[in-house]
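Below is one structure, written out as structure tokens, with a few remarks after it.
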Amino acid sequence: MATVISSISRQGAYEPFELQVSRGQIQGHTRTCPFGFNTAVGTTEETIWSVGGVYSFPSTATVLTVVSDDADDDGSPVGTGARTVVIEGLDANYLPITETVTMNGTTAVTTTQSFLRVNTAYVATAGSSNSNEGTITIANSTPTTLAAIAATAGVAEQCVYTVPAGYSAYITRYMVSSYNATANAGSTGKIYVRPFGGAFLLATVTRIQAIGAFTCEADYPFPVTEKSDIDFRGIAFLGSSNMSAQLQMVVIKEGP
């Protein structure tokens, strides 16, 4: 955890508040930026993530399995690919948890903690290739894939996020882009939010050209309450779209 120090403004100087947040100088404030990529979004809605299909948020917390489709993603000294992977998520009470897993190639490794949500996963250490050589899949006991790290990506590409208990998230910016080789085949980006105990509600919808992008800078950040799920999805009007999406948020601890 970053050390909290006095803001530069206390010294009579100026530094942008957003930079102070990113530097870990503002207590209870954390910048997070989930992003996703989906190579084949068709005419049925899909989450913008590397696995494809609509993301499934679990109803119970379970231990996870972590496995690669390449034997070189191994924690031993001879492993040239990913050696350790960090999983960041939430426990059964929606409290943040983190675990570092030592890879064992194509043999699944089980976490010691039970995860209700996986907000991100990334390669922490690697061998001579400096990244993961295969696709690393992180799944619960259903089994349902909760994150996947594509070969050489080093991090899970998934534009989903669940707000921890005791925190609120504020979306300050979002971006969605599309590439579709079919003439005049536009795409749509949709941000869904499901409040705790509620249903998924459409928070915004954006239509873009077959080859294009859209970015929104929020004058008034969009608030998302604790334990809410965020799912950024896409859909193509024709053919198949190659889509990416990104959310920029500040996550703020509520109360003392």
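The numbers here are math on the coordinates, done by the rules we state, and not lab data. Model, not experiment: these values are computed from the prediction. Here the Cβ positions follow ideal geometry from the backbone for every residue, glycine too, while neighbour counts run over all protein chains shown.
Counting every other Cβ atom within 10 Å of each residue's Cβ, Leu201, Leu64 order from fewest to most as Leu201, Leu64.
For a modelled paramagnetic label at Ser114, 7 Å from Cα along Cα-to-Cβ, the residues of the range 33-72 in reach, with backbone nitrogen under 17 Å, are 58-65. Ranking Ser76, Ser129, Thr144 by how far each Cα lies toward the positive end of the dipole of the range 65-149 (charges on Cβ) leaves Thr144 at the top.
Once you treat every alpha carbon in the chain as an equal point and sum by Debye, what is log10 I(q)/I(0) at q = 0.09, 0.12, 0.13, 0.17 Å⁻¹? The Debye formula, applied to the Cα set alone, gives -0.43, -0.77, -0.89, -1.31. Ordered by the number of other Cβ atoms lying within 10 Å of each residue's own Cβ, fewest first, Thr106, Thr120 fall into the sequence Thr106, Thr120. Centroid-to-centroid, using Cα positions, the range 169-197 and the range 75-109 are 29 Å apart. Segment Ala71..Ser59, full-extension length gain: 1.1 nm, with 0.36 nm per residue of separation and the alpha-carbon distance subtracted. A simple charge model with +1 on the Cβ of Lys and Arg, -1 on the Cβ of Asp and Glu and nothing else charged puts the dipole of the range 214-256 at about 140 debye relative to its Cα centre. In percent, rounded to a whole number, the relative contact order of the chain is 24, using alpha-carbon pairs under 8 Å and six or more apart.
Basic side chains Lys and Arg get +1 at the Cβ, acidic Asp and Glu get -1 at the Cβ, and with that the dipole of the chain about its Cα centre reaches some 600 debye.
Only helices enter this figure: runs of n ≥ 4 DSSP H residues, each worth -39500 (n - 2.57), summed and divided by the residues of the chain, yield -500 deg cm²/dmol at 222 nm to the nearest 500. For the range 128-238, the square roots of the Cα gyration tensor eigenvalues, ordered a ≥ b ≥ c, give a/c of at least 1.5 with a/b no greater than b/c, which places it in the oblate category. Cβ-to-Cβ counts within 10 Å put Glu226, Glu254 in ascending order as Glu254, Glu226, the fewest first.
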